[in-house]
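Encoded as structure tokens, the structure appears first; notes follow it.
Just so it is clear, none of the values below were taken in a lab; they were calculated from the coordinates. The shown structure was predicted, so the numbers you read here are calculated from the model rather than taken from an experiment. A quick note on method: Cβ atoms are made from the backbone with ideal geometry, for glycine too, and the neighbour counts reach across all protein chains shown.
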Amino acid sequence: MNTTKIAPSILAADFANLQKDIEMVNSSEADWFHIDIMDGVFVPNISFGMPVLKAIKQHAKKTIDVHLMIIDPDRYIKTFAELGSDILTVHYEACAHLHRTLQAIKAEGMKAGVALNPHTNINVLKDTINDIDLVCIMSVNPGFGGQSFIENTYEKVKQLKALIISKEASTVIEIDGGVTSKNAKKLKEVGADVLVAGSFVFKSSEPLNTIKNLKKITAS
């Protein structure tokens, strides 16, 4: 059985020392870089733009997992492929034609992800789950780091896992928001494959050990 992947969220990194934090992730036991792109419209915050992603890509030696928290993501699919994204996740709530968006992401050679806000039921993915490589369940309301984990997430993961199995899909489940050493094991047990950890890693006094510990807790 695979161990759970750990994806430190660069939103929580030290922007004044971004290269240092990227090199820390490179040398850690983490598996992916999770990068949030926010437009200030879909979510009440603005984060990285294309130049910062380009700079991160120059130093990052691991999978680039890009999470678009923006309206009308279709406009930028090609751009994010050119910037080196390995996985591109769009929000279900921001896509009028989800199936078409997924096909467009795959046509650019990236894996296609769909994120669900806390209020969105996983049943909305029934008809597209076989086209989705990754589902990102938001375990906080998107827009800001450092929020408290929403307890209903466990139930959503169970429901999503059941849907994936019933449709014989190969979709992986990612959890984003409020992940710590306290809930990592339970998230793995209910079916999570990838854990995004932001503040918990980057606000830690020893981030390398924090990542190592998360890997250890979720090892099977």
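Out of curiosity, is Asp65 of a type in the set (D, E, K, R), within 17 Å of the chain's Cα centre (by Cα) and surrounded by 18 or more Cβ atoms within 10 Å (Cβ to Cβ)?
Working: of a type in the set (D, E, K, R): yes; within 17 Å of the chain's Cα centre (by Cα): yes; surrounded by 18 or more Cβ atoms within 10 Å (Cβ to Cβ): yes.
So Asp65 fits the description; yes.
If you go through region 13-64 one residue at a time, how many are under 21 Å from Val90 (Cβ atoms) and basic (Lys, Arg)?
Number of matching residues: 2.
Please indicate, with yes or no, whether at least one residue in region 179-194 is within 23 Å of Ala112 (Cβ to Cβ), in contact (Cβ under 8 Å) with a residue 12 or more places away in the chain and not hydrophobic (A, V, I, L, M, F, W, C).
yes
Is there a residue being surrounded by 17 or more Cβ atoms within 10 Å (Cβ to Cβ) and closer than 19 Å to Ala197 by Cα anywhere in region 70-80?
no
Please identify the pairs in which a residue from region 160-171 that is over 12 Å from Leu134 (Cα atoms) has its Cβ atom under 9 Å from the Cβ atom of a residue that is of a type in the set (Lys, Arg), counting only partners at least 6 apart or on another chain.
Listed pairs, sorted by first residue: Leu163/Lys126; Lys167/Lys126.
Give, as residue ranges, the helices (runs of 4 or more DSSP H) completely inside region 1-96 that count at least 1 residues that are without any contact (Cβ under 8 Å) to a residue 40 or more places away in the chain and hydroxyl-bearing (Ser, Thr, Tyr). Outline the logic, then answer.
Values: elements: 18-27, 50-59, 77-82.
Those helices (runs of 4 or more DSSP H) span 77-82.
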